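Report on the structure given below.
The values are calculated or read from the model by the stated rules, or taken from the named source; none is laboratory data. All values derive from a computational prediction rather than experimental measurement. Cβ placement follows ideal geometry from the backbone for every residue including glycine, while neighbour counts extend to all protein chains displayed. Accessible surface is based on the protein model in full, side chains and every heavy atom, while ligands, DNA and RNA are left aside. Shrake-Rupley method; radii C 1.70, N 1.55, O 1.52, S 1.80 Å.
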Protein chains: 2
Amino acid sequence: MGRRDGTDDTDPHDSEIVWAVMQALAKHGYADLTTKKIAAEYSRGESALYYHYDSKDDLICAFLDSSLDWFDQELDAIDAADPDERLFEACEILIGNVLDPDDGGEYAGLYIALAELSAHAPYNETFRERLVKQQRSVIEKLAAILDDGIEDGTFRPVDPEATAAFLVVTCDSIIDHAVLLGMDDVASMIRAQLFAFVRSNLLAADGPDELR
Amino acid sequence: MGRRDGTDDTDPHDSEIVWAVMQALAKHGYADLTTKKIAAEYSRGESALYYHYDSKDDLICAFLDSSLDWFDQELDAIDAADPDERLFEACEILIGNVLDPDDGGEYAGLYIALAELSAHAPYNETFRERLVKQQRSVIEKLAAILDDGIEDGTFRPVDPEATAAFLVVTCDSIIDHAVLLGMDDVASMIRAQLFAFVRSNLLAADGPDELR
């Protein structure tokens, strides 16, 4: 999961392994995941996998850590100056390209893998801790954008954290409906509602009129 | 999963079996679910289970069918006359009691079980079809409430289906964050945002002022 701009500062072996974990999780689901199936997605074979990691859960944790880093990096890389543009871009990153008919599928594996692990979170504290950390980090980053926009008058004086949480979970739902249930029609409607919410509830009345 | 008012028109054997499937799914997760574990939650034992159902997947489908019926019945049983009250009640039903500290846990098993099966939906068409049917049915029922309210002037002239989808998936997210990740603080904030959205975006300006 290198950055979209092609740069990546993690060990290339680790990146390849994390990619293999994600592919295997997305293909087989957590219920049927084995180290052998992860190795089948990894060019260096099973023994090389064991050289780096002790167990299946270790491998999954490496994937979760990498996913957290990836979302953090993507959100930090937004370079638009205006808080409203930054907020729209952040939402697009969280939604991924799951609704783009020309480009769908590239990130589907990532979201399927994360959904699998979220469903398993009640049974695995280590996974749960990482998923909670990722969710809190994403909410914090959106709240910071909202904070900036409230300060400079772009946004209304809403509660930044509560609003950020509302936006993040709505993006999660768009993903779930598109990727898990194949309900692209519903996912598209929710996406439209989400951006309408930002326009009508968050943008200050005297702010930019028609961003998109 | 009998109705909250205690009535239930399904075969009591089936109800007991469905309850056992839900308990076993919630306790062990789909990854570790076996017919033996379902039988351990069923008072009549494993052979009685096989008398009614052929396989683990058959048992899970019975649970999914029953869950669909349960949500349909709960939503149909709302007897408030005003569309705004009906809409608030419908959202409360979808959120369940997962955020009530005095009453949490009763429905947690239901939601954990449904989340497990949703995460598994990409790998199982039979589960996916049932989950999609349930989601579409719930969205349709909320859209009907919105339709009534638009007609009598309670609500603004929004798109009923898109708005219903937005509300339903937000309720799903509240559940996921409370039950899967244990992020009750985030779930509570989203719940508050959801009801604020209904008040400020859906209720007509000349409608009832302070419902809650």
**Request:** Within region B:155-181, count every residue that is more than 7 Å from chain A (Cβ to nearest Cβ) and in contact with a Lys or Arg (Cβ under 7 Å, 6 or more places away or on another chain).
**Result:** 1
**Item:** Given (1) surrounded by 13 or more Cβ atoms within 10 Å (Cβ to Cβ); (2) not assigned by TED's automatic domain parsing to the domain that holds B:VAL21, number of the condition B:ILE60 does not satisfy
**Value:** (2)
**Message:** Quick check on region A:105-116. Is at least one of its residues within 12 Å of A:VAL18 (Cα to Cα) and outside the structural domain of A:GLN135 (by TED's automatic domain parsing)?
**Reply:** no
**Message:** Looking at B:LEU25, B:LEU64, B:LEU59, can you tell me which residue is more than 14 Å from every other protein chain (Cβ to nearest Cβ), under 29 Å from B:ASN124 (Cβ atoms) and of a type in the set (A, V, I, L, M, F, W, C)?
**Reply:** B:LEU59
**Message:** Any residue at all in region A:131-139 that's β-branched (Val, Ile, Thr), more than 14 Å from chain B (Cβ to nearest Cβ) and closer than 22 Å to A:ILE190 by Cα?
**Reply:** no
**Asked** Does any residue of region A:35-53 turn out to be more than 23 Å from the chain's Cα centre (by Cα), under 17 Å from A:PHE127 (Cα atoms) and open to solvent by 50 Å² or more (accessible area, probe 1.4 Å)?
**Response** no
